Amino acid sequence: LLHGLFWIAAYFSSWSLGGLLLMLLVNADSQTAITLLKTIEVWAIANGISSIMVFAPSGLALREVSLTILLQPFNGVAGAVIVAVILRLTFSVSDLLWGATGWFLTRRMGGGDDRSTVNVTQKTDSVS
């Protein structure tokens, strides 16, 4: 039970943070204000759709299409596309930065370093 509650809380916090970011972007460009609850709903639906479609890596294009369709009533087609593209770029840059940080820390701490492995070669004497 606790394990399940943990995952529900983790997903809810992820959807809430994504919804908050989405709300800030949509309200910056929209004449119609959108509520935090609505953006959490939109973000959860778009991520759910992109997660179900396992053939697209990281929900590529599926999340953007879903966001565009769901945000049209608030931003129009052009505004919704812009928000979806900005979010894709934001998360792509974030992935690159976190990946580079992990790579740097791993190298700095000695993980993956060629010097950390012992290379033993065995010589054989040939007797003739």
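The values are calculated or read from the model by the stated rules, or taken from the named source; none is laboratory data. Keep in mind that what you see is a predicted model, and the values were worked out from it rather than measured. Note that each Cβ is placed from the backbone with ideal geometry, even for glycine, and that neighbours are counted across all protein chains shown. Please note that ligands, DNA and RNA were not included when accessible areas were found on the heavy atoms of the full protein model with its side chains. Shrake-Rupley method; radii C 1.70, N 1.55, O 1.52, S 1.80 Å.
Residues in segment 106-128 that are in a helix (DSSP H, G or I), modelled with pLDDT of 60 or more and open to solvent by 100 Å² or more (accessible area, probe 1.4 Å): Arg107, Arg108. Screening segment 54-92 for residues that are of a type in the set (Ser, Thr, Tyr) and under 15 Å from the mean Cα position of the chain (by Cα) and picking the one that is farthest from Val26 (Cα to Cα) gives Ser58. When the residues of segment 49-63 are filtered to those that are open to solvent by 30 Å² or more (accessible area, probe 1.4 Å) and assigned to a helix (DSSP H, G or I), the one that is modelled with the lowest pLDDT is Ser58.
Summed over segment 87-105, residues that are among the β-branched types (Val, Ile, Thr), surrounded by fewer than 11 Cβ atoms within 10 Å (Cβ to Cβ) and within 27 Å of Met23 (Cα to Cα) total 1. Summed over segment 69-84, the residues that are of a type in the set (Val, Ile, Thr) and open to solvent by 70 Å² or more (accessible area, probe 1.4 Å) give a count of 3. Can Ser66 be described as on the phi > 0 side of the Ramachandran plot, in contact with a helix residue (DSSP H, G or I) (Cβ under 8 Å, 6 or more places away or on another chain) and either open to solvent by 70 Å² or more (accessible area, probe 1.4 Å) or at pLDDT 90 or above (or both)? So Ser66 does not fit the description; no. Would you please name the residue that is surrounded by the fewest Cβ atoms within 10 Å (Cβ to Cβ), looking only at residues in segment 16-37 that are of a type outside the set (Gly, Ala, Ser), farther than 14 Å from Leu87 by Cα and in contact with a Phe, Trp or Tyr (Cβ under 8 Å, 6 or more places away or on another chain)? Step by step, filter segment 16-37, then rank; the result is Thr32.
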